[in-house]
Each structure stands twice: as C-alpha cells, then as structure tokens.
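Where a number appears in this text, it was derived from the coordinates with a stated rule and is not lab data. Predicted model, so just to flag it, every value in this text is computed and none were measured. Don't worry about glycine lacking a Cβ; one is built from the backbone with ideal geometry, like all the others, and counts go over all protein chains shown.
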Amino acid sequence: MYKPVHPNWFYSYVDIPNLEVIRQELIDLVNAGESGVRTNPTAYNISKEDVIENCQEVVKYLKEMQLLDKFDRLLITKKTTAEADGMVHVDTYDPKYLTQSLNIGLIDYEGSYTSWHSTDIKVLHDTAQFGMVPDRNFAFIEVEKTKEICRLYYDKRAALVNTTILHKGNAQQPNRIICGFRFVPDLSDEDIKRMGIVKLV
C-alpha cells in the first residue's frame, strides 16, 4: 500500500558549510567515471568507500553531523528519459526504508526541479517484478493519475527531501546531474536537528 511518511513535508533547505568545495569534490568524483551499481538508465550509485577515499570535505561534514556511520551511498541522477517523464515514483515501496535524501545539484541543475504529486490510488506498480531487492523496491505510477502539489527548484543550496511521497525529477538541460546522500538507517529527529532543521512538518 502507498502510505507516505510526513505527508505534509516535502523538503527543507540545509545549510552546509563549505558547500562549494563539497560540490566540487562530488563533481570531480562523478567526472572520474561511473564506478557504482547501475539501478536504472538515469541513475547509479557511488559507494561509501569511494566517497571516503576521494571527498575529504564531504567526510568532514558527515563526521561533524555524526552521520558518517549512517551514510550508505550516493545516488547520482541524470536527466530523465522520455519514458520516465511520464511516471512519478517513491524511492521505496515500504516507507520504513529510505525516507529522506540529502540532495545537492552538481552540473547544469539551475532551473531543474523535483515535483511531488498526490493521488487517491493506493496500489502502485511494484518493481519487484523486475528483480529489485525487496526492501529497496521503488514503485511508480503514471503521472496523469496524479496531481502536482509541490516543487523544489534546485539552486546552490542543499535540501533534505521526502522520498516517500510520489515525486519526479524535471530537467531541461541534457547534462543535468544531481546527487543524493542516502542513509541507512534513516535519519532520526536528532540527526535532522543537528543539520539545522527544527521539525518535519
């Protein structure tokens, strides 16, 4: 069943010191070539080990926020395909996994946005049929069966976003790249407060 967590919270901006240096470290890591596991045509993972080895300022920030142990991987997302543009999704069907992502625009992200959508439909298309790992299944539905309710336009700021509400990436630039920090287990209320977010409304 589709049941979002924090259904009235879509995103919060996060003030990350030294963000431009962090952004450049991540761009350099992406430009070094894909080394992660390919999850779909427009996204792939970069391992925690690769980040630790190559991104000193990223590691420094995660340590300061006491999040290095929970940091699991980076998800790198490129411009969506025409087929994906017709779908909205949740990152995991079971919302107890992966409820948030810390997103940073890396390349040609200005003007792109994440949109969130509402629907009365409770059963989504489950990607278990494609052999996805059960506890990490994403699920999707046709965008025309939904109504857009919120947008986050990417700028130079980082943002913590809700991945349990149906959403999709929207990009005009063909080389647009955004990265998302994924945490396992999910961020606690205390973690989120250390990041400067008082409350997920």
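On the basis of the beta-carbon distance and an R0 of 30 Å, E190 and E49 show a calculated FRET efficiency of 0.70.
Hydrodynamic radius of the chain by the Kirkwood approach over all distinct alpha-carbon pairs: 17.1 Å. Measuring nothing but how far apart in sequence close Cα pairs (under 8 Å, 6+ apart) lie, relative to its length, the chain scores a relative contact order of 34 percent.
Between the helical axis of 19-31 and the longest alpha-carbon principal axis of the chain there is an angle of about 70 degrees. Estimated purely from DSSP H runs of n ≥ 4, each contributing -39500 (n - 2.57), the mean residue ellipticity at 222 nm for the chain is -5000 deg cm²/dmol once divided by its residues.
In plain terms, the residue of V88, V21 with the fewest other Cβ atoms within 10 Å comes first and the most crowded comes last, giving V21, V88. In straight-distance terms, cross-link reach from K70 covers every one of the lysines whose alpha-carbon lies under 26 Å from its own, apart from those fewer than eight places away in the same chain; here that gives K3, K48, K60, K78, K96, K156, K168, K193, K199.
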